[in-house]
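Read-outs throughout are calculated quantities, based only on the coordinates presented, and are distinct from any laboratory measurement. What you see is a predicted model; the values in this text were computed from it and never measured. Using ideal geometry, Cβ is built from the backbone for each residue, glycine included, and neighbour counts are taken over all protein chains shown.
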Amino acid sequence: MKTVILCGGLGTRLREETEFRPKPMVEIGGRPVLWHIMKIYAHSGFREFVLCLGYRGNLIKEYFLNYEAMNNDFTICLGRQHDVTYLGAHAEQDFNVTLVDTGADSMTGGRVKRTERYMDGDTFMVTYGDGVSDVDICKLLAFHKSHGKLATVTTVKPVSRFGLLELNNQGRVIDFAEKPELNGWASAGFFVFNKRVFEYLTGDDCIMEREPLERLAREEQLMAYRHEGFFYAMDTYREYQYLNEVWNSGKAPWKVW
């Protein structure tokens with residue numbers, strides 16, 4: 001089963017890191033966040049990936065084209081008989097990665113639609129190239145198969161970015177909560193789709209999170225997998241710093257491999 005990873009956005013809120021590289025190539029602990037996401041899926045046995053490229057997609061292509069040399073010792077014979085022998089074996093030996101140019105300005109639905117030609121099964125997965133989680137992919141997939149609907153989205157309890165205050169009529173603070181967990185559920189990506197979802201995706205300007213998912217919900221074809229564990233998206237420089245701090249602590253929850 002293939003996993004589509006959206007890698008084409010501009011990452012404008014993380015401009016300190018994305019001015020010269022796409023957000024999925026921003027590093028956590030010396031490795032691109034894209035690598036971390038792929039390792040999460042690979043841990044559950046899913047090692048076929050389709051990457052939707054857009055902004056500075058050439059840098060993602062170069063990363064994978066040079067992966068063997070940058071992650072192995074090697075012996076190189078210079079001159080006309082140019083030859084490279086790689087010594088050792090990294091843990092990503094059997095990753096199968098398809099890199100697809102999905103346009104500089106395409107929206108999420110348009111990008112996913114452009115991968116249709118590379119899908120060869122009834123079910124595929126989709127996620128964003130900036131969010132890490134300890135979600136159990138096998139349990140997520142089992143949930144999707146159990147309900148028989150066209151689409152599953154992984155949801156998490158959102159946390160407020162701000163401290164919330166409860167006030168009385170005179171303005172006295174009755175209670176204060178620093179970044180509390182909010183009511184309701186938020187999308188964390190980590191989707192599972194039946195291939196019929198491609199019928200809901202239109203042109204390059206199609207935003208997957210708007211009309212397609214809204215229509216699936218109206219038609220009772222969208223189910224939510226409730227994830228109670230860790231999820232964190234790297235959208236700002238502060239979030240980039242936080243994820244690196246967590247990784248450097250040696251206790252990164254998403255490091256399930």
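Calculate the all-directions average of the projected area of the range 33-126's alpha-carbon convex hull, and give it in nm².
Numbers: hull surface 32.1 nm².
The directionally averaged projection comes out at 8.0 nm².
What Kirkwood Rh does the range 184-257 have if only Cα atoms enter the pairwise 1/r average? Answer in Å. Before the final figure, lay out each step's value.
Details: mean 1/r = 0.0659 Å⁻¹.
Answer for the range 184-257: a Kirkwood hydrodynamic radius of 15.2 Å.
Calculate one ³J(HN,Hα) per residue across the range 131-137 by plugging θ = phi - 60° into the Karplus curve 6.51 cos²θ - 1.76 cosθ + 1.60, and present them in order as whole Hz with x for glycine and proline.
x, 10, 7, 9, 4, 7, 5
In a shell of Cβ-Cβ distance under 11 Å around V135, excluding V135 itself, what net charge do Lys and Arg (+1) and Asp and Glu (-1) give?
Numbers: positive: K139, R226; negative: D134, D136, E228.
Computed value for this residue: -1.
Could you pull out the pairs from K139/K255; K61/K149; K23/K251; K157/K255; K61/K139 whose alpha carbons sit more than 29 Å apart here? Please report the intermediate quantities before stating the final value.
Working: K139/K255 17 Å; K61/K149 35 Å; K23/K251 23 Å; K157/K255 20 Å; K61/K139 31 Å.
In this structure, K61/K149; K61/K139 lie more than 29 Å apart at Cα.
Apply the a/c threshold of 1.5 to the C-alpha gyration tensor of the range 15-57 and tell me whether it is rounded, prolate or oblate.
On the way: a/c = 4.41, a/b = 1.64, b/c = 2.68.
Oblate.
Averaging sequence separations of C-alpha pairs under 8 Å and six or more residues apart, then dividing by the length of the chain, give the relative contact order as a whole percent.
The value is 25 percent.
Against the longest alpha carbon principal axis of the chain, how many degrees, from 0 to 90 and to the nearest 10, is the axis of helix 33-43 turned?
It is inclined by approximately 90 degrees.
Can you list, largest first and rounded to whole Å, the semi-axes you get for the chain by taking the square root of 5 times each eigenvalue of its Cα gyration tensor? Walk me through the intermediate numbers first.
Details: eigenvalues 228, 121, 64 Å².
In descending order, the three semi-axes are 34, 25, 18 Å.
Counting only other residues whose beta carbon sits under 11 Å from that of L53, what net charge do I get with K and R as +1, D and E as -1?
Values: positive: R56, K61, R111, R114; negative: D101.
Counting the neighbours of L53, the net charge comes to +3.
Using θ = phi - 60° and the Karplus curve 6.51 cos²θ - 1.76 cosθ + 1.60, what whole-Hz ³J(HN,Hα) does each residue of the range 226-237 get, with Gly and Pro shown as x?
Using θ = phi - 60°, the values come out as 8, 9, 8, x, 7, 8, 8, 9, 9, 10, 10, 5 Hz.
In nm, to one decimal, how far is the L87 label point from the D204 one, both placed 7 Å along Cα→Cβ?
4.7
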